[in-house]
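As structure tokens, the structure follows; a few thoughts come after it.
The values are calculated or read from the model by the stated rules, or taken from the named source; none is laboratory data. Predicted model only: the values in this text are computed from it and were never measured. Glycine gets a Cβ as well: all are built from the backbone with ideal geometry, and neighbour counts include every protein chain shown.
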């Protein structure tokens with residue numbers, strides 16, 4: 001009796017579901033991580049030394065501890081408290097915080113790249129503090145860090161595969177189940193690698209294009 005079955009077109013829906021789940025959690029993490037990173041990056045520029053030290057320490061922990069360990073610890077701890085969380089929700093929270101830790105440094109460097117003379121000139125023209133932030137610091141600073149932002153976003157798309165360790169049915173976990181059933185690891189993993197390449201390479205090229213345009 002053959003315990004394994006080959007890949008077939010019937011598996012396409014299963015694979016597509018994994019692809020969509022990967023895109024879904026990546027987009028959620030990038031959007032939330034970008035918003036939180038923008039806020040935290042701005043706070044690090046404007047806050048006093050005590051607040052900056054606290055934020056910097058927390059961000060260092062998030063950046064230093066491997067993502068897979070954060071995912072397992074968070075999911076296990078929440079379950080041990082008697083409040084088990086859906087894998088998508090748990091994965092989104094940790095992946096978003098992990099993204100925020102890197103995005104905050106990107107945005108902090110963007111805010112710091114705006115010269116003080118430009119901010120002083122804006123205030124001398126009668127602009128309020130928040131008008132200066134909205135119309136001067138954010139547009140100029142964020143334009144300078146777009147390639148770095150894109151690099152972090154690309155990393156998040158690839159790191160989303162680690163959410164499979166807590167049971168989220170993204171592309172990698174889907175492929176693992178197919179490998180167990182079909183015993184065709186080379187074909188399936190090549191397909192997974194091709195998907196990440198198709199997503200990442202065009203975005204990488206676009207980032208290089210924007211960087212060249214900005215340097216002219």
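Comparison of 37, 91 shows that the only residue that is in a helix (DSSP H, G or I) and closer than 22 Å to residue 139 by Cβ is 37. Output the number of residues of segment 79-88 satisfying the condition of being in a helix (DSSP H, G or I) and either free of Cβ contacts under 8 Å to residues at least 40 places away in the same chain or out of contact with any helix residue (DSSP H, G or I) (no Cβ under 6 Å at 6 or more places or on another chain) (or both). Residues meeting the conditions: 3. In this entry, residue 123 is excluded by the filter for residues that are over 15 Å from residue 35 (Cα atoms), modelled with pLDDT under 90 and crowded, with 19+ Cβ neighbours inside 10 Å.
Among the listed residues 132, 76, which satisfies the condition of being assigned to a helix (DSSP H, G or I), out of contact with any helix residue (DSSP H, G or I) (no Cβ under 8 Å at 6 or more places or on another chain) and modelled with pLDDT of 85 or more?
Details: 132 fails: out of contact with any helix residue (DSSP H, G or I) (no Cβ under 8 Å at 6 or more places or on another chain).
The match here is 76.
Conditions tested, residue by residue: (1) out of contact with any strand residue (DSSP E or B) (no Cβ under 6 Å at 6 or more places or on another chain); (2) surrounded by 13 or more Cβ atoms within 10 Å (Cβ to Cβ); (3) without any contact (Cβ under 8 Å) to a residue 24 or more places away in the chain.
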position: 142; (1), (2), (3): yes, yes, no
position: 162; (1), (2), (3): yes, yes, no
position: 169; (1), (2), (3): yes, yes, no
position: 181; (1), (2), (3): yes, yes, no
position: 185; (1), (2), (3): yes, yes, yes
position: 201; (1), (2), (3): yes, no, yes
position: 205; (1), (2), (3): yes, no, yes
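For first residues located in segment 46-61 and closer than 19 Å to residue 102 by Cβ, partners that are surrounded by 11 or more Cβ atoms within 10 Å (Cβ to Cβ) and modelled with pLDDT under 85 and lie 6+ apart or on another chain with Cβ distances below 8 Å form the pairs 55/47.
Can you find a residue in segment 151-162 that is more than 30 Å from residue 11 (Cα to Cα) and either more than 23 Å from the chain's Cα centre (by Cα) or assigned to a helix (DSSP H, G or I) (or both)? Spell out how you get there, then give the answer.
Restricting attention to segment 151-162, the residues satisfying the condition of being more than 30 Å from residue 11 (Cα to Cα) are 151-152.
After this cut, where a residue has to be either more than 23 Å from the chain's Cα centre (by Cα) or assigned to a helix (DSSP H, G or I) (or both) as well, the list is 151-152.
Yes, that holds for at least one residue.
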